[in-house]
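In what follows, a structure is listed as structure tokens, so that the remarks can point back to it.
What follows draws every value from the coordinates through simple rules; no lab data is involved. Keep in mind that this is a model prediction, so the values were computed, not measured. FYI the Cβ positions are ideal-geometry reconstructions off the backbone, even for glycines, and counts take in every protein chain you see.
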Amino acid sequence: MKIGGKNELGLQTLSKSGWLAEQPEDFCNWIRTAGRWVEFDRNQLIYDIGDGASGLYGIATGSVDITFPVGDSEPVTVTREGCGFWIGDLALLARKNRLVSVRGATMTRAFVVPQAAVFELLAERPEHWHSFYQLSYENFTTALRLLAEVLSLPVKVRLARRLRALAADGSTAPVTQHDLARLLGITRSRLQRALTELTTQGLIETGYNIIRIRDGDALAAMCLASDDPHLASEDPYIAVSASKLR
């Protein structure tokens, strides 16, 4: 882990995407003065479940994996998020321990705002609680969307959505098949079948630790879930459970 100072270029990147891009100018100016840059290596733990909440993290470059334990089994990778994503708000604002673990999926540069600075701001400017509630709202929305996708969409559609999310440039998703299977919560063999289907349809092509998108429009169309029975989950139990949520 490397700790740096201010970096206006990186802060401009964060100010143009994600949660921070929607905040008022005076709040963004406060962020610039309150935090510092920290670099994390690939697979380096940023914080672990049960840790005390020490700060708020904004991802400027690279990406992070978020994992959550299920019983005594190996933690489940819930999602991978990149530029513009902020995390750490829930435990920080509740003054509770971390509920998830966050690890660098790639070399990652994050802007870290200490917990003490956050509460100093809110004591002086309580109107800024709205900005933090908005961040919690966005992250909760992401969690609900991921749950809904698992409950209602077939693997091929979830794969298409994940590839589009990972392809920051719109054409290349830098991800190993091992990591992709973990992100989707499926076996490598099931992933291989789904990848083969998309490849045969001319939508993607696989390479070494990358997947290239050949037909972005067709892949985007596949991501648009509907009530079409062909988009129902392959698992009958999950399909029934999802239908009860509608």
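The slack in the chain from Glu25 to Leu45, taken as 0.36 nm per residue of separation less the alpha-carbon distance, amounts to 4.0 nm. The angle between the Cα long axis of helix 188-200 and the main principal axis of the chain comes to about 70°, on a 0 to 90 degree scale. Note on the chain: with a GNM built from Cα contacts shorter than 10 Å, the maximum mean-square fluctuation among Leu191, Leu183, Leu147 falls on Leu147.
For a footprinting-style exposure proxy, rank Ile210, Ile31 by other Cβ within 10 Å, fewest first. Don't skip to the end; give the middle numbers.
Working: Ile210 14, Ile31 21.
Arranged by neighbour count, lowest to highest, Ile210, Ile31 become Ile210, Ile31.
About its Cα centre, the dipole of the chain is roughly 400 debye, where the only charges are +1 on Lys and Arg Cβ and -1 on Asp and Glu Cβ.
Any idea what angle helix 25-34 forms with the longest principal axis of the chain, computed on alpha-carbon atoms, 0 to 90 degrees, nearest 10? The angle comes out near 80 degrees. Neighbours of Tyr133 by Cβ distance under 13 Å: Lys/Arg scored +1, Asp/Glu scored -1, total -4. Using a 7 Å offset from Cα along Cα-Cβ at Glu74, what residues in the stretch 26-66 end up with backbone N under 16 Å from the label point? Backbone N within reach: 43, 65-66. Less than 5 angstrom separates the built amide H of Tyr47 from those of Val102, all sequence-distant by 5 or more or on a different chain. Phi-derived couplings, Karplus 6.51 cos²θ - 1.76 cosθ + 1.60 at θ = phi - 60°, listed residue by residue for the stretch 52-62: x, 7, 9, x, 10, 10, x, 8, 9, 9, x Hz, with x used for Gly and Pro.
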